[in-house]
Structures are given as structure tokens and as C-alpha cells.
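The values are calculated or read from the model by the stated rules, or taken from the named source; none is laboratory data. Computed from a predicted model, the values in this text were never measured in an experiment. Cβ: placed from backbone, ideal geometry, glycine included. Neighbour counts: every protein chain shown.
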Amino acid sequence: MLPKLALSLTGFLPLYLVMIFMYSYVYLCIEQSKNIKNYILCTITIVLIIQIICIIIVNKYIKSKESLRITENEIIFSNIKEDKKAHMDYMMTYLLPLLTFDIDKVDIFYIVYTNIFIIIFVLLNAKSENLNINILLWFKGYSVYTGINNEGEEKVLLIKKKRFYNIRAKHDKYRFVSFGGSNDIYLCKRYIE
């Protein structure tokens, strides 16, 4: 459960960075009471600490999945193709929280309300297992693909671009392992003969 929650939280990392920028702007440039400035500073600090912890957890989780030596949970997929609409879905998740942010009305209630709203988004994201689009995965070179498993079901696949070229050009058979505790998302692991 911890990796799934960490994946969900880091999936919203760009949104939190924009929020930190907005809160910093309010803190530095807009006249606010000392109490509100303390809440802003506290919020920024908490968000940064949580994000750093989650980044560490996600990096360790991805590394462990890539180098997993157990073969009983591996699955082979066919008809693999890139899922181009997944990136648009990811960007759309940022619109609603950003539309609610109003720099002129920052107060204690607003800070708490906005963060509760985003935490609900994060929890719903983790519950729906929508973990495939994550900025950390993108930095590690992963892209989102879809493929058909042995039972004929379409699943989401996370594959590094370099590996996908090998899969298509050389018809290499890579194996995938379940990712984030989901039965619908699979990570391409290192090919082990």
C-alpha cells in the first residue's frame, strides 16, 4: 500500500510544485498576516518533506521491480503499442485544482481546503490504480503502452523507449511484472535468460 500511495503522491508532483510556487509568491509578494505566512511556510515545508520521502520510496520500488529475480509473477504481452492519450489524461488532472487557486483570497481556510481537496484527488487516484502516468517514471525513461495478455485482456504497460525499440525490431521477449499492486499496470523488467 505504501508504494501505491507514494506513486500517487509523486504523480501529482508538478501540481505541488506549482502550488509551492504560488504559495511562495503569496508569502513573499502579497501583504498577509503573520499567521497566514506561518501557515504557508508550514504547508510548503510539509509538502516538500512528504514529496522527498515519496520520491525515495518510488525510486526504491521501481529499482526493486526492475531487478526482480522471481519469475512466477512474470507475464508476456503481445500487440504492444504506445498509449498517446494517457498523457492528456494526466495533464487534465491538474486543471481542476489549479482553477480553484486564487492568490487574492489566500487565508488559513483556503490553504487547508486546497490541500484537503488535493489529498482527496491523490487518494482517489491511488484507489483507482491510475499510477501509470508519473513524472518520476518519465524521468527514468518509461513511456505508457498498451498490450494484450495471454487471456486477451488489454493492460497498461510501462516500458523504457530503448527497450520498446528492441521488442519491436528484434522481436525480443521481455517479461513484465505487476506494478503498484495493480492487476492492470505492468512494468517491463530486465530481460533475464
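Brief remarks follow.
- Qualifying position, being at pLDDT 80 or above and not acidic (Asp, Glu), among ILE30, ILE80: ILE30
Per-residue answers, yes or no, for (1) surrounded by 11 or more Cβ atoms within 10 Å (Cβ to Cβ); (2) of a type in the set (A, V, I, L, M); (3) within 30 Å of GLY152 (Cα to Cα); (4) more than 15 Å from the chain's Cα centre (by Cα):
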{"residue": "VAL18", "(1), (2), (3), (4)": "yes, yes, no, yes"}
{"residue": "SER24", "(1), (2), (3), (4)": "yes, no, no, yes"}
{"residue": "GLN32", "(1), (2), (3), (4)": "yes, no, no, yes"}
{"residue": "LYS37", "(1), (2), (3), (4)": "yes, no, no, yes"}
{"residue": "ILE50", "(1), (2), (3), (4)": "yes, yes, no, no"}
{"residue": "CYS54", "(1), (2), (3), (4)": "yes, no, no, no"}
{"residue": "LYS60", "(1), (2), (3), (4)": "yes, no, no, no"}
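- Flag for ILE57 being assigned to a helix (DSSP H, G or I) and either within 22 Å of ASN125 (Cβ to Cβ) or among the acidic types (Asp, Glu) (or both): yes
- Matching entry among ILE167, ILE185 (being modelled with pLDDT of 80 or more, buried (at least 17 other Cβ atoms within 10 Å of the Cβ) and not polar (S, T, N, Q)): ILE185
- Verdict on GLU153 being modelled with pLDDT of 75 or more, within 17 Å of ASP184 (Cα to Cα) and surrounded by 13 or more Cβ atoms within 10 Å (Cβ to Cβ): no
- Some residue of segment 46-61 being under 16 Å from ILE118 (Cα atoms), of a type outside the set (A, V, I, L, M, F, W, C) and at pLDDT 90 or above: yes
- Positions within segment 106-149 being surrounded by fewer than 16 Cβ atoms within 10 Å (Cβ to Cβ), more than 28 Å from VAL26 (Cα to Cα) and at pLDDT below 80, in sequence order: LEU124, LYS127, SER128
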